[in-house]
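See structure below.
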């Protein structure tokens, strides 16, 4: 692991990023990962009442250290509801609001937007966002993007999560592919290729529900090869997501992603007039959870 | 049935509106419906090779008259592919392009938009659109809307279908309710009530994918009663659909709908700054198919 600027080193501990379908655990010493494992033991795989035993087994494998957990393990479907703290959320406020389901175990709270006009929630993403800034991987004032099933766009101000918006971009793609009339056309692979770019361009001209039906019409009229529809639909969705958030030319977006999602979002952000900077989301998580651990009372 | 202005009367015939899941047949004499039946014998219920026998049985029940059919029976999944004619499509052009799978049976072609930048298709809706104008139920220059699974918005010019846009509004609602994370919140009934109107208002401020995730966030934060989410989501989708099409204040929309869909679209069109005029879609179909029959070579 790289050394993490701006993150105080601390006593060894176990960090767990515990999501709905996956779990990743780290033994962190002096801000560095010295042991890690990843499995599909997401919270939905843990039987009722099974969390204490699961965590005890994890601690046994990782040297019996204190545990700091983030993600859906802290939801009302997880082990213990860690609640939400409202934006603007600093890393200090997160560290001050940890939940403690048992001795030696702390769970990071989620972050919410709760105003008369808008509601939004995140759980797990806050560690990466705050960690990216804490580690100097993103500036203290920045627009951060975390692509995924429920894509997060966070406005960071002075290192805090000042505001954020979630878009169901990834979930919508999966829904359309699995269940929509146009799903049968979405057989091809998706990449940041010509079909994807065509979708990103097209979403500027048409509302989404009409553009999506256009996929069916293009197929019926023989205007698009079947293998190209998946990339086009991905471009429509991701392009719309980026266009809604990039409101000024040259807007820099720090992208917490790698692989395919980093390629797709980089392409879409560029076409939408922005500028993407890819940030190491893994390093951001480690930095964030270490910083939170150091700040815990 | 009301008498239909502008429609020449004609010799008796059988009209069939034959869709994917339903079928409606009419015996029409002097432009009036004298016998009708409706069943769930949509094209997907007809076994391979079964159309000639189905149509023979129908003709036997309706007095052995000539048959004029519209809808998905003329698609490549139906009896006989009747093709598409391109916009701008007059009722004369439709009548000149009828397909004839067997003697005494004619199928109305679909209508398409096929330009370098846009593709769209309809099949069945063209009879109502052209019939509404032929019967004087809508002006020759008008914006017509046919709500449904794949909602059609047609720009009529001089009585022809000059251009149209399809939005997958109804399909999207069904997809979200059945398969999305927010589907579990969409248990309530939908009507043109406060929740629906709230959705129509909200869709002006947020892009759809973010607004939809907001339903989940509002639920998690206890900001919306579970029974209200279905109406709100319907408002987001129908509101977005109407706002995309109503580009000037006071825009009149002739709405080929009745019941709940007429109430929902009337409310959304009004909030979006337009003015809805409900048109009898059943009378429009009868007028359109009668006029097409009269014009057939």
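The values are calculated or read from the model by the stated rules, or taken from the named source; none is laboratory data. Predicted model only: the values in this text are computed from it and were never measured. Reconstructed Cβ throughout: ideal geometry from the backbone, glycine too, with neighbour counts over all protein chains shown.
Going by the conditions given, is residue B:270 assigned to a helix (DSSP H, G or I), out of contact with any helix residue (DSSP H, G or I) (no Cβ under 8 Å at 6 or more places or on another chain), without any contact (Cβ under 8 Å) to a residue 40 or more places away in the chain and closer than 24 Å to residue B:138 by Cα? It would help to see each step written out before you state the result.
Values: assigned to a helix (DSSP H, G or I): yes; out of contact with any helix residue (DSSP H, G or I) (no Cβ under 8 Å at 6 or more places or on another chain): yes; without any contact (Cβ under 8 Å) to a residue 40 or more places away in the chain: yes; closer than 24 Å to residue B:138 by Cα: yes.
So residue B:270 fits the description; yes.
Listed residues A:92, A:102, A:54; which is out of contact with any strand residue (DSSP E or B) (no Cβ under 7 Å at 6 or more places or on another chain), under 16 Å from residue A:288 (Cα atoms) and surrounded by fewer than 22 Cβ atoms within 10 Å (Cβ to Cβ)?
Of the residues listed, the single one that is out of contact with any strand residue (DSSP E or B) (no Cβ under 7 Å at 6 or more places or on another chain), under 16 Å from residue A:288 (Cα atoms) and surrounded by fewer than 22 Cβ atoms within 10 Å (Cβ to Cβ) is A:92.
Looking at (1) surrounded by 23 or more Cβ atoms within 10 Å (Cβ to Cβ); (2) assigned to a helix (DSSP H, G or I); (3) more than 12 Å from chain B (Cβ to nearest Cβ), which one does residue A:253 not meet, given that it meets all the others?
If we test residue A:253 against (1) surrounded by 23 or more Cβ atoms within 10 Å (Cβ to Cβ); (2) assigned to a helix (DSSP H, G or I); (3) more than 12 Å from chain B (Cβ to nearest Cβ), just (2) comes out false.
From B:148, B:227, B:170, B:159, which residue is within 20 Å of residue A:237 (Cβ to Cβ) and either modelled with pLDDT of 95 or more or more than 11 Å from chain A (Cβ to nearest Cβ) (or both)?
Every option except B:170 fails the conditions.
Those residues that are touching a helix residue (DSSP H, G or I) at 6+ places or on another chain (Cβ under 9 Å) and crowded, with 23+ Cβ neighbours inside 10 Å, I need them from region B:125-136; list them, please.
Matches in region B:125-136: B:126, B:127, B:128, B:129, B:130, B:131, B:132, B:133, B:134, B:135.
Could you check how many residues of region B:178-190 are away from every other protein chain (no Cβ under 11 Å) and over 20 Å from residue B:271 (Cα atoms)? Show your work before the answer.
As a first pass, look at region B:178-190 and keep what is away from every other protein chain (no Cβ under 11 Å): B:184-190.
If we keep only those that are over 20 Å from residue B:271 (Cα atoms) as well, we get B:184-189.
Residues meeting the conditions: 6.
Tell me whether region B:113-121 contains one or more residues that are away from every other protein chain (no Cβ under 14 Å) and at pLDDT 95 or above. Even if it seems obvious, please write down each step before you answer.
So the first thing to find is which residues in region B:113-121 are away from every other protein chain (no Cβ under 14 Å), and the list is none.
Among the residues of region B:113-121, not one is away from every other protein chain (no Cβ under 14 Å) and at pLDDT 95 or above, which makes the answer no.
If a residue has to be more than 19 Å from residue A:206 (Cβ to Cβ) and more than 16 Å from the chain's Cα centre (by Cα) to count, how many in region B:115-136 make the cut?
Qualifying residue count, region B:115-136: 3.
Can you give me the number of residues within region B:28-70 that are within 19 Å of residue B:99 (Cα to Cα) and part of a strand (DSSP E or B)?
Summing the residues that are within 19 Å of residue B:99 (Cα to Cα) and part of a strand (DSSP E or B) in region B:28-70 gives 4.
Report, by residue number, each residue of region A:256-275 that is buried (at least 22 other Cβ atoms within 10 Å of the Cβ), in contact with a strand residue (DSSP E or B) (Cβ under 7 Å, 6 or more places away or on another chain) and over 30 Å from residue A:12 (Cβ atoms).
Hits for region A:256-275 are A:265, A:269, A:274.
Check B:227, B:231 and return the single one that is touching a residue at least 12 places away in the same chain (Cβ under 8 Å) and buried (at least 20 other Cβ atoms within 10 Å of the Cβ). Even if it seems obvious, please write down each step before you answer.
Values: B:227 fails: buried (at least 20 other Cβ atoms within 10 Å of the Cβ).
Within the list B:227, B:231, the selection yields B:231.
Go through region A:191-224 and count every residue that is surrounded by 19 or more Cβ atoms within 10 Å (Cβ to Cβ), in a loop (DSSP other than H, G, I, E, B), in contact (Cβ under 8 Å) with a residue 12 or more places away in the chain and within 14 Å of chain B (Cβ to nearest Cβ).
Of the residues in that region, 1 qualify.
Considering (1) touching a residue at least 40 places away in the same chain (Cβ under 8 Å); (2) buried (at least 24 other Cβ atoms within 10 Å of the Cβ); (3) more than 13 Å from chain B (Cβ to nearest Cβ), say which one residue A:107 fails and leave the rest.
Result: residue A:107 fails condition (1) only.
Just checking, does region B:162-174 include any residue being assigned to a helix (DSSP H, G or I) and under 28 Å from residue A:112 (Cα atoms)?
Of the residues in region B:162-174, the ones assigned to a helix (DSSP H, G or I) are B:169-174.
Okay, now just the ones that are also under 28 Å from residue A:112 (Cα atoms), so B:172-173.
Scanning region B:162-174, I find at least one residue that is assigned to a helix (DSSP H, G or I) and under 28 Å from residue A:112 (Cα atoms), so the answer is yes.
Checking the conditions here, which among B:25, B:82 is part of a loop (DSSP other than H, G, I, E, B), closer than 30 Å to residue B:158 by Cα and in contact (Cβ under 8 Å) with a residue 24 or more places away in the chain?
On the way: B:25 fails: part of a loop (DSSP other than H, G, I, E, B).
Just one listed residue meets the conditions, B:82.
Can you tell me which condition residue A:45 does not meet? The list is (1) modelled with pLDDT of 95 or more; (2) under 26 Å from the mean Cα position of the chain (by Cα); (3) surrounded by fewer than 18 Cβ atoms within 10 Å (Cβ to Cβ), and all the others hold.
(1)
I'm told residue A:284 meets every condition in (1) surrounded by fewer than 24 Cβ atoms within 10 Å (Cβ to Cβ); (2) touching a residue at least 40 places away in the same chain (Cβ under 8 Å) except one. Can you identify the failing condition by its number?
(1)
For region B:28-42, which positions are touching a residue at least 24 places away in the same chain (Cβ under 8 Å) and more than 21 Å from the chain's Cα centre (by Cα)?
B:28, B:31, B:32, B:35
Select from region A:173-187 the residues that are more than 24 Å from residue A:22 (Cα to Cα) and crowded, with 20+ Cβ neighbours inside 10 Å and write down the one among them that is modelled with the lowest pLDDT.
So the residue we want is A:185.
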